[in-house]
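Novice: Dumping the structure here so I can ask a few things about it.
The values are calculated or read from the model by the stated rules, or taken from the named source; none is laboratory data. These numbers come from a predicted model, not from an experiment. Glycine gets a Cβ as well: all are built from the backbone with ideal geometry, and neighbour counts include every protein chain shown.
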Amino acid sequence: LKPKKRATINDLNEMLNNAEVIDTARWRFIQHMGALRNLCDHDSEREPSKEDIQDLIMGVSKVIKTVS
């Protein structure tokens, strides 16, 4: 398979999980953050709530602090 020019959040999350940099719980959390990001960025059946946006901001901050 030809590699993608731009990796997605899911692609990078899979790489971290496969390399055992993150565990399954962290992988699921990052999957959730990706879903919230997509809700905020793409047309979807509903608008993100204030709580969704707060969860995304706080969650990304947590991942940056714990994975890097």
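Novice: How many residues are exposed (fewer than 13 other Cβ atoms within 10 Å of the Cβ) and modelled with pLDDT of 90 or more if we restrict to the range 41-63?
Specialist: 8
Novice: While we're on this one: Quick check on this structure: which one of Leu12, Leu16 is in contact (Cβ under 8 Å) with a residue 12 or more places away in the chain and not hydroxyl-bearing (Ser, Thr, Tyr)?
Specialist: Leu16
Novice: Filtering the range 3-34 down to residues that are of a type in the set (A, V, I, L, M, F, W, C) and surrounded by 13 or more Cβ atoms within 10 Å (Cβ to Cβ), which residue is farthest from Met58 (Cα to Cα)?
Specialist: Taking the candidates together, the pick is Leu16.
Novice: Next question, about the same structure. If you check every pair at least six apart or on different chains, which have Cβ atoms under 6 Å apart with a residue in the range 39-51 that is closer than 18 Å to Ile9 by Cα first and a residue that is surrounded by 10 or more Cβ atoms within 10 Å (Cβ to Cβ) and at pLDDT 85 or above second?
Specialist: Once the first residue is closer than 18 Å to Ile9 by Cα and sits in the range 39-51, its partners that are surrounded by 10 or more Cβ atoms within 10 Å (Cβ to Cβ) and at pLDDT 85 or above give Leu39/Pro48; Cys40/Pro48.
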